[in-house]
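Here is the structure we will look at.
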Protein chains: 2
Amino acid sequence: MEIQELKEQKEGANSRGNDEACCVPTLVEPALGAKQARKAADVFNALADPTRLTILSLIARSERGEACVCDLTASFKMGQPSISHHLKILKDADLIQGDKRGKWVYYSLVVGRDEEIKGLLDTVLKIPVGV
Amino acid sequence: MEIQELKEQKEGANSRGNDEACCVPTLVEPALGAKQARKAADVFNALADPTRLTILSLIARSERGEACVCDLTASFKMGQPSISHHLKILKDADLIQGDKRGKWVYYSLVVGRDEEIKGLLDTVLKIPVGV
DNA sequence: CATTAACATCGAAGATTGTCAATTTGAGTC
DNA sequence: GACTCAAATTGACAATCTTCGATGTTAATG
């Protein structure tokens with residue numbers, strides 16, 4: 001996920017040289033601008049790891065809807081720094097939030113984030129009706 | 001996204017040595033097994049790139065719900081092999097399908113895939129009711 | 001105030017990814 | 001069959017990611 005720039009659409013059509021079109025040259029606008037696409041990709045990137053998905057599901061299904069790092073760490077074979085690393089990625093993507101109480105940090109899901117992500121999916125994958 | 005193995009949950013509780021619990025030691029089962037988590041991560045990984053998101057939205061919003069590689073390529077600054085590479089990743093994730101007609105290949109969205117992905121999100125992020 | 005426990009951060013190793021240039025494949029055309 | 005064009009594949013390289021070991025930070029405790 002890096003630099004990504006749409007070619008400036010000159011003269012409103014595609015720039016094929018020949019006169020034989022492969023299809024109706026429908027250069028539609030993408031649903032997302034470059035910046036929005038990058039931001040959406042970041043969210044999906046946070047979800048693009050089995051450990052992080054498992055962490056999320058463990059938090060979602062835990063008793064009070066929250067879990068401390070020590071319990072999460074105890075659930076995996078990998079070390080505590082790795083879990084902390086994944087938690088940071090999830091937090092940066094605004095999928096979870098941490099609450100420090102005493103010596104422990106309790107992580108919980110950000111409410112409503114699932115619906116926001118579904119909205120992102122609709123933006124990208126939904127075929128617009130009656131345009 | 002690689003090896004990820006849950007620690008075998010021995011004796012039904014967490015393995016903290018001290019008697020002072022950081023929280024109710026609720027070692028719940030994750031919603032996904034290791035294999036399912038890896039598969040789900042692959043899907044989100046396919047979505048975790050701004051170019052690929054833009055490609056998807058271009059296809060979704062194109063006139064007939066399909067777009068040929070040449071038009072997609074014309075929409076980006078990057079080269080044709082890169083677009084082909086991204087299309088392959090989207091195809092491997094079963095997000096799009098290719099249809100070769102004459103010299104051209106037309107890509108379209110796999111119908112219903114959006115709902116399946118939303119189902120994945122629910123599996124991971126939805127807090128179970130009345131357990 | 002020294003110690004311990006929980007968690008975060010840092011630095012490095014190894015794997016994976018995105019891009020390009022070059023080449024190959026495959027269909028249509030002369 | 002030689003040629004052309006669309007698309008896929010290959011190989012290389014830089015950038016990024018995941019993991020680990022070591023260290024730092026902060027809060028409770030003796």
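None of the figures in this text is laboratory data; all of them are computed from the coordinates on show. Because the structure is predicted, anything quoted here is derived from the model rather than measured. All Cβ positions, glycine included, derive from the backbone under ideal geometry; neighbour counts span all protein chains shown.
Across region B:35-117, the mean sequence separation of Cα contacts (distance under 8 Å, 6 or more residues apart), normalised by length, yields a relative contact order of 30 percent. This ranking places A:Asp71, A:Asp42, B:Asp92 by how few other beta-carbon atoms lie within 10 Å of each, fewest first, which gives B:Asp92, A:Asp42, A:Asp71.
With +1 on each Lys and Arg Cβ and -1 on each Asp and Glu Cβ, and nothing else charged, work out how big the dipole of region A:35-117 is about its Cα centre, in Debye to the nearest 20. Intermediate values should be presented prior to the final figure.
Details: 13 positive and 11 negative charges, 55 e Å.
The dipole magnitude comes to about 260 debye.
If r is the Cβ-Cβ distance from A:Trp104 to B:Glu29 and R0 is 25 Å, what FRET efficiency results, to the nearest 0.05? Step by step, r from the Cβ atoms, then E = 0.70. Taking 7 Å steps out from each Cα toward its Cβ at B:Lys91 and B:Met78 produces label points 1.7 nm apart. Considering only B:Leu109, B:Ile83, B:Leu95, the residue lying farthest towards the positive end of the dipole of region B:35-117 is B:Ile83, judged by Cα position with unit charges set on Cβ. All other residues whose Cβ lies under 14 angstrom from that of A:Ile127 are scored, Lys and Arg at +1 and Asp and Glu at -1, for a net of -1.
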